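Below is one structure; the comments refer to it alone.
The values are calculated or read from the model by the stated rules, or taken from the named source; none is laboratory data. Since this is a predicted model, take the numbers as computed values, not measurements. All Cβ positions, glycine included, derive from the backbone under ideal geometry; neighbour counts span all protein chains shown.
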């Protein structure tokens, strides 16, 4: 029997944020187990994670073909297929795997299958805790799904005061929100990553410090299609080409796990500066950030990580939408408009004391109590175990 069960589907950042809390709770003699849904997402559960797999085999292909305009195979886009998988197999399997846990910790409560899982657990009167998985912001009008944080009954572990504002604005009762910080960043040693960043550049044959383009699957957040996103990347390269060529600055592209790096390789090869575009293979985002002189994001949590590395941060405009997260609005990020990419890149590379100060304040707003977040989350979970509520 376990006291606490942690459920994750991304063997990268989900596992990285939960494992330190499991370690801390185990030190406190709280019995923990981990359940992996990675194979549902087309990933593999790491052998050394100690997690139990809910699904024995990968059921989704990871790469999207040129004709696939979304990020997911079509069989997974319809709610009917999802309901069948949930009702006929996954739901009963998870109910059995989690039957003895007194508290279940999840990274999301607003997407499949977490929404269904939390609903199932609440019907059985189980207590759940939401560990924030990434930056949160108001979705575009095209998004009609449930709001992140709205389904959790006992506690929401928020990264910082900025996230608390988001949850409160979404009508999550304030008494359920605890600002804990982000456990996966507790032990981030920027200096220790510098050599790994330098080694990455040597391995790739990149001779100058690059700008890191940190992409993410904005199409599954409601921002257009995969092809729209790739066209946006192409327009960025075309607009920045003269400036980058003149200064001899390469672009190092790091993709999200849900993206196909070959898409970006094709766009880079067809751009005006193919010799300056290098796409990084699988691996942690910290190495490219450590190697870079600046970073550019769309709607990614990696922008917050770039600021912790002390990097100048640019945010690429998504046509038809304002900048989703508040990097630009709070002065921590440079707006890079599609109509004036070169000017945005020049501004990004300039030293700006006010922007540096805003970036530092931004990190404080969104990453509470760095170094102690795992302890803070463990405290919340222990209180839920004892009382059924966060406070």
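Some points to look at:
- Candidates 240, 295: the one that is closer than 24 Å to residue 189 by Cβ and in contact (Cβ under 8 Å) with a residue 24 or more places away in the chain is 295.
- Residues located in the stretch 145-169, provided they are surrounded by fewer than 18 Cβ atoms within 10 Å (Cβ to Cβ) and either in contact with a helix residue (DSSP H, G or I) (Cβ under 6 Å, 6 or more places away or on another chain) or not in a helix (DSSP H, G or I) (or both): 145, 146, 150, 161, 168
- For the stretch 341-362, the criterion of being more than 23 Å from residue 247 (Cβ to Cβ), outside the structural domain of residue 24 (by TED's automatic domain parsing) and touching a helix residue (DSSP H, G or I) at 6+ places or on another chain (Cβ under 7 Å) is met by at least one residue.
- Residue in the stretch 268-284 that is surrounded by the most Cβ atoms within 10 Å (Cβ to Cβ), counting only those that are at pLDDT 95 or above, part of a loop (DSSP other than H, G, I, E, B) and touching a strand residue (DSSP E or B) at 6+ places or on another chain (Cβ under 9 Å): 280
- So residue 35, is it surrounded by 13 or more Cβ atoms within 10 Å (Cβ to Cβ), modelled with pLDDT under 95 and closer than 28 Å to residue 379 by Cβ: no
- Here residue 84 meets the list (1) assigned to a loop (DSSP other than H, G, I, E, B); (2) more than 27 Å from residue 16 (Cβ to Cβ) almost entirely, failing just condition (1).
- From the list 206, 253, the lone residue that is touching a residue at least 12 places away in the same chain (Cβ under 8 Å), within 20 Å of residue 287 (Cα to Cα) and surrounded by fewer than 20 Cβ atoms within 10 Å (Cβ to Cβ) is 206.
- Flag if residue 240 is over 18 Å from the mean Cα position of the chain (by Cα), farther than 20 Å from residue 209 by Cα and modelled with pLDDT of 95 or more: no
- Residue check, residue 381 buried (at least 21 other Cβ atoms within 10 Å of the Cβ) and more than 18 Å from residue 295 (Cβ to Cβ): yes
- Candidates in the stretch 170-186 are the residues that are in a helix (DSSP H, G or I) and either in the same structural domain as residue 358 (by TED's automatic domain parsing) or touching a helix residue (DSSP H, G or I) at 6+ places or on another chain (Cβ under 9 Å) (or both); of these, the one that is nearest to residue 374 (Cα to Cα) is 183.
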